[in-house]
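Each remark here refers to the structure printed beneath this line.
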Amino acid sequence: MSERDHALRLAGLQEGIEKALGAYFPPAEDDKNGLREAMRYSLLAGGKRIRPVLCLEFCRICGGDEARCMPVACGIEMLHTYSLIHDDLPCMDDDDLRRDQPSCHKKYGETTAVLAGDCLQAEAFEAICAAPLSDGQLMRCCRLLANAAGLAGICGGQHMDLSAPATAEAVVATEVDKTATLMAASCAMGAAAAGASQETERAALNYGLLIGLAFQLRDDVLDGDGLCALLGPETCGAMASANTQKALEQLDFFQDTGFLRWLTVKLAGRET
C-alpha cells in the first residue's frame with residue numbers, strides 16, 4: 001500500500017473510533033448534574049486515538065473482526081481519558097490545559113472531574129464486557145486492561161512520578177508504567193479479541209511496550225521535559241529511535257504489517 005493509502009486507513013479508523021465514542025455518551029437533557037457532560041467533554045476533546053487504532057489493527061492482523069473489537073477499542077480510550085482527567089488534577093500534575101482546552105477540573109470543578117474520571121474507568125469495562133466476543137476473549141481483554149491501569153501500570157506509575165527521585169532510571173520506569181503499559185495492553189487486547197494464541201498476545205504486548213516508550217520519549221523531546229530534561233534531546237531522541245527499531249523488529253512475528261510499520265515510523269517522527 002502507498003503512503004496515501006496508509007494515511008487514509010488511519011483517518012478512517014480515527015473517524016470510526018470518534019463516532020463510536022460519541023455514541024456511548026450522547027448529549028442528554030436529563031443530565032442535571034453535568035457529570036455526563038464532563039465525561040463527554042474530556043472523551044471527545046480530540047487526540048490521535050492511537051491506542052484504539054493499535055487495538056483494532058492488531059485484531060485485524062490476527063484474523064479478528066474489527067467491528068466486534070470496536071467496543072474494546074472504545075473501552076481503552078475511555079480508560080485513557082480517565083487517566084488524563086486525573087493526571088491534570090491539582091493534587092497530581094496540576095495542569096490547567098489539555099489539548100489547548102481547559103482541563104476537566106478547570107471547566108467543571110474538581111469534584112466533578114474526579115467523578116468523571118472514576119465513571120469513565122467503570123464505563124471502560126462495561127463497554128468491553130458488552131462486546132460481541134467469547135467469554136474467554138472478554139476475560140483476557142479485561143485482565144490486560146486492569147493490569148495496565150493498576151499498580152503495575154498507570155496508578156503505580158503516577159505514584160512513582162509524584163514520589164520518586166528524578167533520576168534517569170526512575171523517569172524511564174515511570175514512563176513505562178504511565179504510558180507504555182497501556183499502549184502494550186491496547187495491542188495485546190486486539191490480539192486477544194481476535195482469539196489469538198498466548199504467544200501472539202505476548203508478541204503484541206512486547207511491540208506495544210517498545211512503541212509506547214518510544215512515543216513517550218518523543219513527547220519528552222518535543223516538550224523538553226521528562227527524560228529530555230535530564231539527558232538532553234540527542235540522547236533522548238536516540239533512545240526513542242532505538243526503541244522504535246526494536247518495535248519494528250517485533251512486527252516480524254506477524255504478517256500483513258505494512259500499515260503498522262508505517263504508523264510506527266510516523267509516531268517516531270511526529271512533530272506534535
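The values are calculated or read from the model by the stated rules, or taken from the named source; none is laboratory data. What you see is a predicted model; the values in this text were computed from it and never measured. In this analysis, Cβ positions are derived from the backbone assuming ideal geometry, glycine residues included, and neighbour counts consider all displayed protein chains. Accessible surface is based on the protein model in full, side chains and every heavy atom, while ligands, DNA and RNA are left aside. Shrake-Rupley method; radii C 1.70, N 1.55, O 1.52, S 1.80 Å.
Side notes on the structure shown:
- 129, 69, ranked by accessible area, largest first (probe 1.4 Å): 129, 69
- For the chain, taking a cut-off of 4.7 Å between Cβ atoms, the unpaired cysteines are 55, 62, 74, 91, 104, 119, 129, 141, 142, 155, 187.
- Value of Rg to Rh for the stretch 1-42 (Rh from inverse mean 1/r over Cα pairs, i.e. Kirkwood): 1.27
- Volume per residue that the Cα convex hull of the stretch 208-256 spans, once the total is divided by residue count, Å³: 61
- Residues of the stretch 186-217 with amide N under 13 Å of the 7 Å Cα→Cβ point at residue 134: 192-198
- The chain: DSSP helices with Cα axial extent of at least 24 Å and average Kyte-Doolittle hydropathy no lower than 0.5: 110-129
- When the convex hull of its Cα atoms is viewed from all sides, the chain shows a mean projected area of 13.8 nm².
- Helical runs (DSSP H, four residues minimum) scored at -39500 (n - 2.57) apiece and divided by the length of the chain put the mean residue ellipticity at 222 nm at -23000 deg cm²/dmol.
- Among 38, 164, 214, residue whose mean-square fluctuation peaks in a GNM of the chain (springs only between Cα atoms under 10 Å): 164
- The GNM of the chain, with springs linking C-alpha atoms under 10 angstrom apart, assigns the highest mean-square fluctuation among 103, 186, 134 to 134.
- Sulfur and carbon atoms: percent of accessible area, the stretch 97-159 [1.4 Å]: 55
- Magnitude of the charge dipole, the chain, Cβ model with Lys/Arg +1 and Asp/Glu -1, debye to 20: 620
- Note on the chain: lysine pairs with Cα distance below 28 Å, sequence gap of 8 or more or different chains, count 18.
- Shape summary of the stretch 75-201, radius of gyration then Dmax from alpha carbon positions: 15.7, 45 Å.
- Relative contact order for the chain, counting Cα pairs under 8 Å that sit 6 or more residues apart, in percent: 18
- Longest to shortest principal axis, alpha-carbon extents of the stretch 132-253, angstrom: 47, 33, 19
- Debye intensity ratio I(q)/I(0), log10, the stretch 164-221, q values 0.18, 0.20, 0.21, 0.22 Å⁻¹ (C-alpha model): -0.59, -0.68, -0.72, -0.76
- Listed residues 92, 1, 189 arranged by accessible area, highest first, probe 1.4 Å: 1, 92, 189
- Taking all protein chains together, 253, 25 sort by accessible area into 253, 25, largest first [probe 1.4 Å].
- With protein chains left intact and a 1.4 Å probe, residues in the chain average 45 Å² of accessible area per residue.
- Using a probe of 1.4 Å on the protein chains alone, the accessible area found for residue 225 is around 70 Å².
- Two-decimal log10 I(q)/I(0) for the stretch 4-132, as the Debye equation yields it once each C-alpha is a single scatterer, q = 0.12, 0.13, 0.21 Å⁻¹: -0.47, -0.54, -1.19
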